[in-house]
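One structure is given here, and the rest of the page talks about it.
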Amino acid sequence: MSIKIRKQDALNYHTQGQPGKIEVVPTKMLSTQLDLALAYSPGVAEPCKEIAANKDDVYKYTSKGNLVAVISNGTAVLGLGNIGPEASKPVMEGKAVLFKKYAGIDSFDIEIDELDPDAFIKIVKSLEPTFGGINLEDIKAPECFKIETELREMMNIPIMHDDQHGTAIISSASLLNALEIVGKKLSEVVMVVNGAGAAAVSCTKLYFALGLKKENLIMCDSKGVIHINREGLDDSKKEFATDRKINTLQEAIKGADVFVGLSIADILKPEDILAMAKDPIVFALANPNPEIDYTLAKKTRPDLIMGTGRSDFPNQINNVLGFPYIFRGALDVRATEINEAMKLAAVRALADLAKEPVPDIVFQAYGIDRIQFGSEYLIPKPLDPRLITTVSPAVAKAAMDSGVAKNPITDWGQYHQQLLKRVGIDQKLTSRIIDLAKKKPKTIVFAEADHPKILKAAQVLQDEKIAHPILLGHRGDIERLIQEHGLDLSDCKIVDPREEKERTEKYSRAYHAKRQRKGITMKDAERQMRDRNAFGAMMVEFGEADALVSGLTKDYPKTILPSLQIIGMAEGVNRVAGMYIIMNKKGTFFFADCTVNLDPTVNELVEIIGLAARGVKFFDYEPRVAMLSYSNFGSSKGEIPEKTREAVRLAKIKYPGLILDGDIQANVAFDTELQQEIYPFSALAKEGANTLIFPNLASGNIAYKLLMEIGGAEAIGPVLLGMKKPVHILQLGSSIRDIINMAAIAVVDAQLHEKNEHF
């Protein structure tokens, strides 16, 4: 369904609070007189002198390298036409917002009251010392061609007129994928382009670069087919003129394979669609209403593949898929221009990304449960978080390969992490775990393989060679879901317990032997083996799988119990614990125990401290452990403060080298200045805590869930600590990414067990 926008709602949105959509926020502390002296006079003179001696140092000491100007004269704003620079400002502010949201690029909108292209060029050229890149926007044709061409020649920073090239790049990626689906080649198809403005011209030029034959193009404008014999053709249209003996759009579209509309609403009729070739492709990109209604077109031609500029229909050709990430890649290598090679790299990257399994976060964002490459999914969704790590590196590499990069990237892994941080995601830890897993993949049995999320995660694990998934469940259900979701899990083994009579008998006997003095009869054992969590645990126990992952659809206690009964705890461990890895903009933190121990005793807390410290060390962090309470070092009395203080006392004896202190309140555990002032004796006063031990299950569980829901944190886990063999329990309803992360942890845990180690 389309989103209905009321006039007053839109006006209210732009006026509520502070008018407009953007503000300037300092990046440095400005709380003291010294801060101000460093930021401005006299301290600011020092970077000024450095830049004067070496102009390139402007990228070192200022924001230029991450600053883009969005510039317009308001002559071609949306579908509103020439409404002037002031009226264009809400659009330009909006563009600046998109740069920031999607690529972490700071942007100023600049509206210029100048219609003369030469004067406009002069003004923009003068801004080069300020900005790292220029995004030209909503400038009418044909002036926009001259403006962009001359500015590119004159300036040494990346420049792009998004109305031209953005649409061209996104539609090209969509076109390549559409042609692949229908089995046609771009070099062989006949294409009709309706419209001859900036976007149409740029699109067509990029189609030529990708393989479209000039003789197979028919371009139309408001007067009909652009023909070589037409009088008064301007230079921007001459190169697209045809010699075919046709005059109207209706004549042109007969037998055409592809229609690209960048014109006006409802210019195409059902009979025009019917006249096209078999498996036609129609990109009706007029906004807000396309050249033909989507529903009408699909009803007319069931074999039609269609894209529009609208978000309420499949295959939205949306420029936001391109410009933030193109500029991101160009800025990061300090490209002197955005050239053809960089545009083509963006096209290929977008086209390829649409063929990859879609992450769960996209399903959640759009309120749908299924997206896969096909006629209704040609191009990634705008809220796909993988765009920045796919398109930007492709553009950056193309800039380097084509010789326009002044600051080449040398460490692509590090660059990947930098891109994630740009949009508020730090996946250094998860990347490290996945890299370790890939070095020696292990066999992971998934006890809930009859769930689409598990199968989609298994697809990634298989394709990326992170793990060898075993799919445990009813074979028919699993195979049906694989087919339904368009997956290829041919390398994954399916184990259906109903087909495994001999194995089930073996497992039942083994379970009975373990539990016969716990009141379990042989019949009970046979019945228990119908539980896939028990069956999967037995596969791990017998070495038929290296690790078990479960818990997506069952409560934690019900999921973990069979593994505790069958596999049990590691030697020397009297208590298992669950640890969450919490990641937010302030860093990575570890929470224990949030899942297993309801109200641990003093001695149990000591063991949890040891298990957590060991787990944190595995993730390559030095544990700095805070034993939490509502008290600070004896400031309050009560059962919890007394329990936690005693646990700290005993743990310091048992783990003498561990940075540990408490009892301590959560805020104080992080506040090093406060500790140094009031509690200078604290072991956490120097660097603060990164590992939090909670006094009971309720406090730990509440804390991590609040951080996830309203604190903007991402949680990985729970990582199960202290098991004899690798077993890891998912959160109920985990995302596909959560499952992949947990499986990678399970693989690395299995690698450790192979060395007689454990979390």
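The values are calculated or read from the model by the stated rules, or taken from the named source; none is laboratory data. Not measured: the values here are computed from a predicted model. Here the Cβ positions follow ideal geometry from the backbone for every residue, glycine too, while neighbour counts run over all protein chains shown.
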Scanning for something surrounded by 14 or more Cβ atoms within 10 Å (Cβ to Cβ), over 24 Å from Asn318 (Cα atoms), touching a Leu at 6+ places or on another chain (Cβ under 9 Å) and β-branched (Val, Ile, Thr), does segment 254-271 turn up at least one residue? no
Taking segment 430-458 as the search range and keeping residues that are within 18 Å of the chain's Cα centre (by Cα) and not aliphatic (A, V, I, L, M), which one is surrounded by the most Cβ atoms within 10 Å (Cβ to Cβ)? Lys456
Can you confirm whether Lys4 is more than 21 Å from Glu128 (Cβ to Cβ), surrounded by 10 or more Cβ atoms within 10 Å (Cβ to Cβ), modelled with pLDDT under 90 and not aliphatic (A, V, I, L, M)? no
Which ones in segment 352-374 are within 25 Å of Asp401 (Cα to Cα) and crowded, with 20+ Cβ neighbours inside 10 Å? Leu353, Ala354
Do we find a residue being within 30 Å of Ala744 (Cβ to Cβ), of a type in the set (Lys, Arg) and out of contact with any Phe, Trp or Tyr (no Cβ under 6 Å at 6 or more places or on another chain) anywhere in segment 651-672? no
Would you mind listing the strands (runs of 3 or more DSSP E) fully within segment 59-167 where at least 3 residues are surrounded by fewer than 23 Cβ atoms within 10 Å (Cβ to Cβ) and in the same structural domain as Val44 (by TED's automatic domain parsing)? 106-111
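Tell me, which residue of segment 475-500 that is out of contact with any Phe, Trp or Tyr (no Cβ under 7 Å at 6 or more places or on another chain) and within 17 Å of Ala537 (Cα to Cα) is surrounded by the most Cβ atoms within 10 Å (Cβ to Cβ)?
Only one residue fits best here, namely Val495.
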Looking at segment 260-307, which of its residues are among the small types (Gly, Ala, Ser) and assigned to a helix (DSSP H, G or I)? Ala297
If you take just the helices (runs of 4 or more DSSP H) that sit entirely in segment 611-711, which of them hold at least 2 residues that are surrounded by fewer than 17 Cβ atoms within 10 Å (Cβ to Cβ), among the basic types (Lys, Arg) and out of contact with any Asp or Glu (no Cβ under 6 Å at 6 or more places or on another chain)? 639-654
Out of (1) over 25 Å from Val124 (Cβ atoms); (2) at pLDDT below 95; (3) loosely packed, with under 11 Cβ neighbours inside 10 Å, what's the single condition that is false for Glu23? (1)
If you take the residues in segment 527-558 that are surrounded by fewer than 24 Cβ atoms within 10 Å (Cβ to Cβ) and hydroxyl-bearing (Ser, Thr, Tyr), which one is modelled with the lowest pLDDT? Tyr556
Before we move on, is Ile710 among the aliphatic types (A, V, I, L, M), under 22 Å from the mean Cα position of the chain (by Cα) and assigned by TED's automatic domain parsing to the domain that holds Tyr621? yes
Some residue of segment 198-213 being under 39 Å from the mean Cα position of the chain (by Cα) and free of Cβ contacts under 8 Å to residues at least 12 places away in the same chain: yes
Restricting attention to segment 26-44, and to residues there that are surrounded by fewer than 10 Cβ atoms within 10 Å (Cβ to Cβ) and in a loop (DSSP other than H, G, I, E, B), which single residue is modelled with the lowest pLDDT? Ser31
Is it true that Thr691 is in contact with a Pro (Cβ under 7 Å, 6 or more places away or on another chain) and at negative phi? yes
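Among the residues of segment 560-581, which ones are crowded, with 23+ Cβ neighbours inside 10 Å and touching a Leu at 6+ places or on another chain (Cβ under 8 Å)?
If the condition is that a residue be crowded, with 23+ Cβ neighbours inside 10 Å and touching a Leu at 6+ places or on another chain (Cβ under 8 Å), then Ile560, Ser563, Val576, Ala577, Gly578, Met579, Ile581 are the ones that fit.
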Residue check, Leu175 of a type in the set (A, V, I, L, M, F, W, C), buried (at least 24 other Cβ atoms within 10 Å of the Cβ), closer than 20 Å to Asp106 by Cβ and in contact with a helix residue (DSSP H, G or I) (Cβ under 9 Å, 6 or more places away or on another chain): no
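Only one of Ala252, Ala198 is of a type in the set (A, V, I, L, M, F, W, C), closer than 30 Å to Asn339 by Cα and out of contact with any Gly (no Cβ under 6 Å at 6 or more places or on another chain); which?
On the way: Ala252 fails: closer than 30 Å to Asn339 by Cα.
From the options Ala252, Ala198, the qualifying one is Ala198.
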Go over the candidates Asp312, Asp303, Asp293, Asp332 one by one and state the one that is of a type in the set (Asp, Glu) and closer than 30 Å to Arg152 by Cβ. Asp332
Go through (1) under 30 Å from Thr389 (Cα atoms); (2) in a loop (DSSP other than H, G, I, E, B); (3) in contact with a His (Cβ under 9 Å, 6 or more places away or on another chain) and name the single condition Asp450 misses. (1)
Which condition from (1) in contact with a helix residue (DSSP H, G or I) (Cβ under 7 Å, 6 or more places away or on another chain); (2) farther than 23 Å from Gly638 by Cα; (3) touching a residue at least 24 places away in the same chain (Cβ under 8 Å); (4) not hydroxyl-bearing (Ser, Thr, Tyr) is the one that Gly712 breaks? (1)
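Name the residue that is surrounded by the most Cβ atoms within 10 Å (Cβ to Cβ), counting only residues in segment 308-332 that are part of a loop (DSSP other than H, G, I, E, B) and small (Gly, Ala, Ser). Walk me through it before giving the result.
First pass over segment 308-332, keeping only residues part of a loop (DSSP other than H, G, I, E, B): 309-315, 317-318, 322.
If we keep only those that are small (Gly, Ala, Ser) as well, we get 309, 311, 322.
Values: Gly309: 22, Ser311: 12, Gly322: 27.
Among those that are part of a loop (DSSP other than H, G, I, E, B) and small (Gly, Ala, Ser), it is Gly322.
Kindly establish whether Ala750 is of a type in the set (A, V, I, L, M), more than 22 Å from Lys643 (Cα to Cα) and within 22 Å of the chain's Cα centre (by Cα).
No.
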Selection over segment 457-497 where residues are among the basic types (Lys, Arg) and within 24 Å of Lys440 (Cβ to Cβ) yields a count of 2
